[in-house]
Amino acid sequence: MLELTPHEEAMRAGADGPAVQMAMRILATMARVYGAPRLLPIESAHIDGCLYHGFSGLEFARRLVAGGARVRVPTTLNVGAVDLVHPEYFRGTAEVGRHARELMAAYQEMGCLPIWTCAPYQARQRPAFGTQIAWAESNAIVFANSVLGARTNRYGDFIDICAALTGRAPAVGLHLAQNRRGQILYRLTGIPDRLLHEDVLYPVLGYLLGARSGSKIPVIEGLPEETTEDQLKALGAASASSGAVALFHAIGVTPEAETFAAAFHGGEPEETVPVTLADLRQTLSELSTAPAGPGETINVVALGSPHFSPEEFAALLPLLERFPPHPEVEFIVCTQRLVLAALEKRGWLEKLEAAGVQVVVDTCVVVTPIVRAREGILMTNSGKFAHYTPGNIGLQVVFGSLEECVRSGSLGHVWRDKDLWQEPTGT
């Protein structure tokens, strides 16, 4: 049975206004559904409800604003449906665009920080290890839990803002230490050393983990200690797309898995799954819905899901200088405003635009109409883009490494690194 503190009871009774009252009633109801015995205080929130999916979301936000809603903890905003810096990029109807902008403004009025990114952990919002938070947006959730060691369940639209307005979350699930132990061990076996250090491995491995783990907590054995934050970002985003992963551990890499024993809280895995090169190749093939061999015509290259970081742009620019986009290929990179400002300061944005690259902020191409092409093939290095592109925007997809995407975009057809997924020499 859910027990509320006197302060929480007062919020539910309307002492802090109608918006907080509604939020607390919703949160308390969901806590009972989860089986939580109490609520716990949070230190930050990240809101996905600012993305326009239909009028009901706007109506909910209007009601909160009318009720005097103000967030109680630092709260960041996920992507909206419009690039407010480049509104001309939006290709939807005028009515949808108007509603989308009103929704984004409503969340700002509640006191949320308008960073408009799916990667708040690479912007201003960087919760400390062990911090209790309430984050929405699947890749942000898995990154916060796994890479930062913060604690959040998978929160979605409406529950996220209710947590921000009350400063509370249900004391259940991944908020509790005992629920964060690893369950399935994935042991990398016979993976070439070169591939272990290539960015392209990580969304493929993440996609495999998500598909096989469901909502269980995977533990990875065999990743290099020097695995980068962007690689872990790509792994988590893909695992949360193909499955319901909200937390993974990588032994010797992530903060709650310094050792095998730490990852499993001193116990043993429920299951051990060897991951071979053949397994990864099979998953690689599943990430493409169109013929992915050399010579296949492509229409769009889209990068940046999660949003591109400065380090990813640093890797992209030299490739673009060598292989500029073909004039008939749309080349789009999604990022966030702070990165855009850094690109301008460094002179990189001018180079990108001169090469014909469209840099999008505040949103991304699979949640709102930006891509000009209405049919054909989109190529990406993002496991998340690969997963959602066919259903969300109706294009077929080819997945590849960053270099494969850039060189394909320059040629107008698929180019492949023929050595990338080969067996180790001498086997």
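Using a 10 angstrom cutoff on alpha carbons, build the Gaussian network for the chain and name the most mobile of N153, N179, N145.
In this elastic network of the chain, the residue with the biggest mean-square fluctuation among N153, N179, N145 is N179.
I want to check the label-to-label distance for N392 and A342. Put each point 7 Å from Cα in the C-beta direction and report it in nm to one decimal.
For the pair N392/A342, the computed spacing is 2.3 nm.
Equivalent ellipsoid semi-axes for the stretch 356-427, as square roots of 5 times the alpha carbon gyration tensor eigenvalues: give them largest first, rounded to whole Å. Provide the component values of the computation, followed by the final result.
Working: eigenvalues 141, 37, 27 Å².
For the stretch 356-427, the semi-axes come out at 27, 14, 12 Å.
Provide the gained length on full extension for the span T131 to Q422, in nm with one decimal, where the gain is 0.36 nm per separating residue minus the Cα-Cα distance.
Additional length available on full extension: 100.6 nm.
Would you please give the residues with an amide H less than 5 Å from that of L40, counting only those at least 5 places away or on a separate chain, with H modeled from the backbone geometry?
Amide H neighbours of L40: A169, A171.
With an 8 Å Cα cut-off and a minimum separation of 6 or more residues, compute the relative contact order for the stretch 283-427 in percent.
It rounds to 36 percent for the stretch 283-427.
What's the ranking of 392-400, 218-226, 266-274 by average number of surrounding C-beta atoms within 10 Å, highest first? Write out the running numbers ahead of the final one.
Values: 392-400: 21.8, 218-226: 19.0, 266-274: 13.1.
Sorting 392-400, 218-226, 266-274 by mean packing, highest first, produces 392-400, 218-226, 266-274.
Quick one: what are the phi-derived ³J(HN,Hα) couplings along the stretch 194-207, Karplus 6.51/-1.76/1.60 with θ = phi - 60°, whole Hz, x for glycine and proline?
Each residue's phi maps through the Karplus curve to give 4, 5, 4, 9, 8, 4, 5, 4, 6, x, 5, 4, x, 5 Hz.
What value, in deg cm²/dmol to 500, does the helix sum -39500 (n - 2.57) over DSSP H runs of n ≥ 4 give at 222 nm once divided by the residues of the chain? Walk me through the intermediate numbers first.
Details: 16 runs with 163 residues, N = 427.
Here the helix-only value at 222 nm equals -11500 deg cm²/dmol.
Please report the relative contact order for the chain, taking Cα pairs under 8 Å with a sequence separation of at least 6, and give it as a percent rounded to a whole number.
16
Show me the GluC sites (Glu not before Pro) within the stretch 323-374 that DSSP assigns to loop and that have at most 14 other Cβ atoms within 10 Å of their Cβ.
E328
Express the C-alpha Rg of the stretch 222-261 as a ratio against the empirical globular expectation 2.2 N^0.38 Å, rounded to two decimals.
1.16
Can you list the residues, at least 5 places off or on another chain, whose amide H is less than 5 Å from the amide H of A250, using H built in the peptide plane?
The list, which skips near neighbours in sequence, is I220.
Spit out the partnerless Cys residues in the chain, using Cβ distances under 4.7 Å as the pairing rule.
Cys with no partner Cβ under 4.7 Å: C50, C112, C118, C162, C405.
Going out from 0 in 10 Å bins, what whole percent of all Cα-Cα distances in the stretch 40-181 drops into each bin?
Reading upward from the zero bin: 13, 44, 30, 11, 2.
Of all beta bridges DSSP finds with both residues in the stretch 323-411, what is the antiparallel percent, to the nearest 5?
0
If you count, for each residue, the other Cβ atoms within 10 Å and average over each peptide, how do 311-318, 47-54, 109-116, 158-165 line up from highest to lowest?
158-165, 47-54, 109-116, 311-318
Return the distance in nm (one decimal) between the two label points of a simple spin-label model at H7 and Y34, each offset 7 Å from Cα along Cα→Cβ.
1.8
Taking θ = phi - 60°, what integer Hz values does the Karplus form 6.51 cos²θ - 1.76 cosθ + 1.60 yield along the stretch 95-105, in sequence order, with x for Gly and Pro?
5, 4, x, 5, 5, 4, 5, 5, 5, 4, 5
Which of S215, S241, S138 moves the most in a Gaussian network model of the chain with Cα springs under 10 Å?
It is S215.
Along the stretch 26-33, what does the Karplus equation 6.51 cos²θ - 1.76 cosθ + 1.60 (θ = phi - 60°) give for ³J(HN,Hα), rounded to whole Hz, x for Gly and Pro?
Result, ordered by residue: 5, 5, 5, 4, 5, 4, 5, 4 Hz.
Write down the percent of antiparallel bridges among all DSSP beta bridges whose residues are both part of the chain, to the nearest 5.
In the chain, DSSP labels about 10 percent of beta bridges as antiparallel.
Could you pull out every residue, at least 5 positions away or on a different chain, whose amide H is within less than 5 Å of the one on L113? Hs are placed 1.01 Å off N in the peptide plane, and Pro or chain starts have none.
T75, T76, L77
Treating the stretch 14-95 as a set of equal point scatterers at the Cα positions, no solvent, please give the Debye-formula log₁₀ I(q)/I(0) at q = 0.11, 0.19, 0.23, 0.26 Å⁻¹.
With one equal scatterer per Cα and no solvent, log10 I(q)/I(0) is -0.42, -1.04, -1.31, -1.42.
I'd like the projected area of the stretch 272-319, averaged over all directions, using the convex hull of its alpha carbons. Report it in nm² with one decimal. Spell out each step's value before the answer.
Values: hull surface 23.0 nm².
Averaged projected hull area, Cα only: 5.8 nm².
For the chain, what is the charge dipole size about the Cα centre, in debye to the nearest 20, if Lys and Arg each add +1 at the Cβ and Asp and Glu each add -1 at the Cβ?
With Lys and Arg at +1 and Asp and Glu at -1, about 1100 debye.
Across all directions of projection, what mean area in square nanometres is found for the Cα convex hull of the chain?
20.5
Values in this text are rule-based calculations from the coordinates and carry no lab data. None of these values were measured; they are calculated from a predicted model. Because the Cβ atoms are built from the backbone with ideal geometry, glycine has one as well, and the counts that use them run over all protein chains shown.
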